[in-house]
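Right, one structure below, let's go through it.
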Amino acid sequence: MSNSSSHKDGLTVAYRAQTQKCVTWSRKQWMKKRLQLEMKQRIEQMRSRSNEFQEELRAMDGKALEKEQKALLADIVGETEFLKSLQNQIEKLKGISQLVKCPCGQEYKI
């Protein structure tokens, strides 16, 4: 009888192990499907945002875009020229100096 009982216990353990494997597999499949759904939703959100942005660009006239681009480039050129002129003025000011004599007799270059 003990042989039959141990065989029965062995089957119970094997059954529980298989049941646990099935539960684990089911959980993994559920998580996989959930992640796939989340990724699809994120992709759709990104497509929607992209389409909104593209619609704004399509709504703008090509000439208006060119005009905006030229204005931005002109701003960059203007800023560059302004910075160069400031740099030149700084260099000129560095070259200007005077010799000042203190009443104590000490001379200072300013």
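Looking across Lys84, Lys67, Lys101, one residue alone is of a type in the set (Lys, Arg) and loosely packed, with under 10 Cβ neighbours inside 10 Å. It is Lys101. For region 50-64, the set of residues classified as exposed (fewer than 10 other Cβ atoms within 10 Å of the Cβ) and either outside any helix (DSSP H, G or I) or touching a Pro at 6+ places or on another chain (Cβ under 8 Å) (or both) consists of Asp61 only.
Being in a helix (DSSP H, G or I) and surrounded by fewer than 10 Cβ atoms within 10 Å (Cβ to Cβ) is the requirement here; does Ser26 meet it? Here the answer is no, as Ser26 does not meet what is asked. Selection of first residues in region 76-102 that are basic (Lys, Arg) and of second residues that are surrounded by fewer than 10 Cβ atoms within 10 Å (Cβ to Cβ) and outside any helix (DSSP H, G or I), restricted to Cβ pairs under 7 Å at least 6 apart or on distinct chains, gives the following pairs, ordered by first then second residue: Lys101/Glu107.
We did not get these values from a lab; they are worked out from the coordinates using the rules stated. Quantities reported herein were computed from a predicted structural model and do not represent experimental measurements. All Cβ positions, even for glycine, are placed from backbone atoms using ideal geometry, and neighbour counts span all protein chains on display.
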